[in-house]
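This report concerns only the one structure given below.
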Amino acid sequence: MKPLLAVLKRIRKPAVYTSHQRCLSSCASSGLLTLPIRDEALIVGSSRELVQRLGSQVEVKTAFITEEEEGAFLAELEPGLKKKRYEFDHWDDAIHGYRETERAKWGAKCEEVLNRVRSVAFPEGSQLLGPVHILDLDKTGYIKPHVDSVKFCGSTIAGLSLLSDSIMRLVKEDATNEWLDLLLPRRSLYILRDQARFNFTHQILKDDESVFNGQRVPRLRRISVICRNLPM
Ligand code: OGA
Ligand code: MN
């Protein structure tokens, strides 16, 4: 099995950034449609129909972990992360201003949380990618639009957000006027499945573009803890 990080380098070839996508943040202040389906109004999109259609494939669960559990992750992750430097200058990377690692063995408290993530996010019996992926975005860091490799990752991506709120934007690959914005509060869990994972790019907005439904959402340093399954 290839090391995850080597795999991820190839996973995230950024999708072409169209002028249409660039216009999204300015368009976002007008005519947004909010649908308080599962977790309040954490998902807005280009149309009510899209929010409804994709609703079952996109979830944001607020307060999925406690402050104490977040502290347990930070205590486990910080020593290793601090030894690395943030990477900024690879213009062709899908991510700007980040450091990352992977981890297979966890202390009891984190393992318990990860088991909770696995049980809510993945279909029963699905084979998970062994190590969990950790991505540490600097305050100035961001993730450009991309689709995770279909060769290495399966139908479901589930991520915990530590230290900062952020906005994840999904844009339909072959129709960039179709989009969803997800507000990912600190300590929430998001899940992307099926079409939302395969047919839409996902990205994490940079601080100065971080506006959700007209509301400014300051983006600080953010660590994500991401679980994936294997392709069938
Ligand atoms: C990735 C990715 C999202 C996140 O690493 O491919 O999209 O929540 N990460 O950090
Ligand atoms: Mn991704």
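The values are calculated or read from the model by the stated rules, or taken from the named source; none is laboratory data. These numbers come from a predicted model, not from an experiment. In this analysis, Cβ positions are derived from the backbone assuming ideal geometry, glycine residues included, and neighbour counts consider all displayed protein chains. Please note that ligands, DNA and RNA were not included when accessible areas were found on the heavy atoms of the full protein model with its side chains. Shrake-Rupley method; radii C 1.70, N 1.55, O 1.52, S 1.80 Å.
Would you check if SER224 is outside any helix (DSSP H, G or I), within 14 Å of ligand 2 (Cβ to nearest atom) and closer than 23 Å to GLU70 by Cβ?
Here the answer is yes, as SER224 does meet what is asked.
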Exercise. Restricting region 88-100 to residues that are among the charged types (D, E, K, R) and within 13 Å of ligand 1 (Cβ to nearest atom), which is nearest to GLN203 (Cα to Cα)?
Worked result: ASP93
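Does VAL150 fit the bill of being aliphatic (A, V, I, L, M), over 25 Å from ARG221 (Cα atoms) and assigned to a helix (DSSP H, G or I)? Working first, answer last.
Numbers: aliphatic (A, V, I, L, M): yes; over 25 Å from ARG221 (Cα atoms): yes; assigned to a helix (DSSP H, G or I): no.
Judged against the criteria, VAL150 is not a match.
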For this session: Output the number of the condition that ALA121 fails; it satisfies all remaining conditions of (1) open to solvent by less than 20 Å² (accessible area, probe 1.4 Å); (2) within 12 Å of ligand 1 (Cβ to nearest atom).
Result: (2)
For this session: Determine which single condition LEU160 fails, assuming it passes every other condition in (1) part of a strand (DSSP E or B); (2) open to solvent by less than 20 Å² (accessible area, probe 1.4 Å); (3) within 11 Å of ligand 1 (Cβ to nearest atom); (4) more than 28 Å from THR66 (Cβ to Cβ).
Result: (4)
For this session: Being of a type in the set (S, T, N, Q), in a loop (DSSP other than H, G, I, E, B) and within 11 Å of PRO145 (Cβ to Cβ) is the filter here, so list the residues in region 172-206 that pass it.
Result: THR176
Problem set entry | Residue among ARG169, ARG219 that is under 14 Å from the mean Cα position of the chain (by Cα) and not in a strand (DSSP E or B) | ARG219
For this session: Would you please name the residue that is nearest to GLN57 (Cα to Cα), looking only at residues in region 124-157 that are within 13 Å of ligand 1 (Cβ to nearest atom) and among the charged types (D, E, K, R)?
Result: ASP148
Exercise. Condition test on GLU68, is it exposed (fewer than 12 other Cβ atoms within 10 Å of the Cβ) and closer than 20 Å to SER188 by Cα?
Worked result: yes
For this session: Tell me which residues, restricted to region 177-194, are within 14 Å of ligand 1 (Cβ to nearest atom), touching a helix residue (DSSP H, G or I) at 6+ places or on another chain (Cβ under 8 Å) and open to solvent by less than 10 Å² (accessible area, probe 1.4 Å).
Result: LEU189, ILE191, LEU192
Exercise. Any residue at all in region 135-142 that is modelled with pLDDT of 95 or more, part of a helix (DSSP H, G or I), crowded, with 19+ Cβ neighbours inside 10 Å and within 16 Å of ligand 2 (Cβ to nearest atom)?
Worked result: no
For this session: Output the residues belonging to region 195-232 that are in contact (Cβ under 8 Å) with a residue 40 or more places away in the chain, basic (Lys, Arg) and farther than 21 Å from ASN177 by Cβ.
Result: LYS206, ARG219, ARG221, ARG222, ARG228
Exercise. Which is in contact (Cβ under 8 Å) with a residue 24 or more places away in the chain and surrounded by fewer than 19 Cβ atoms within 10 Å (Cβ to Cβ), of ALA94, ALA41?
Worked result: ALA41
For this session: Scan region 207-232 for residues that are touching a helix residue (DSSP H, G or I) at 6+ places or on another chain (Cβ under 7 Å) and closer than 26 Å to SER46 by Cα and jot them down.
Result: GLU209, VAL211, PRO218, ARG219
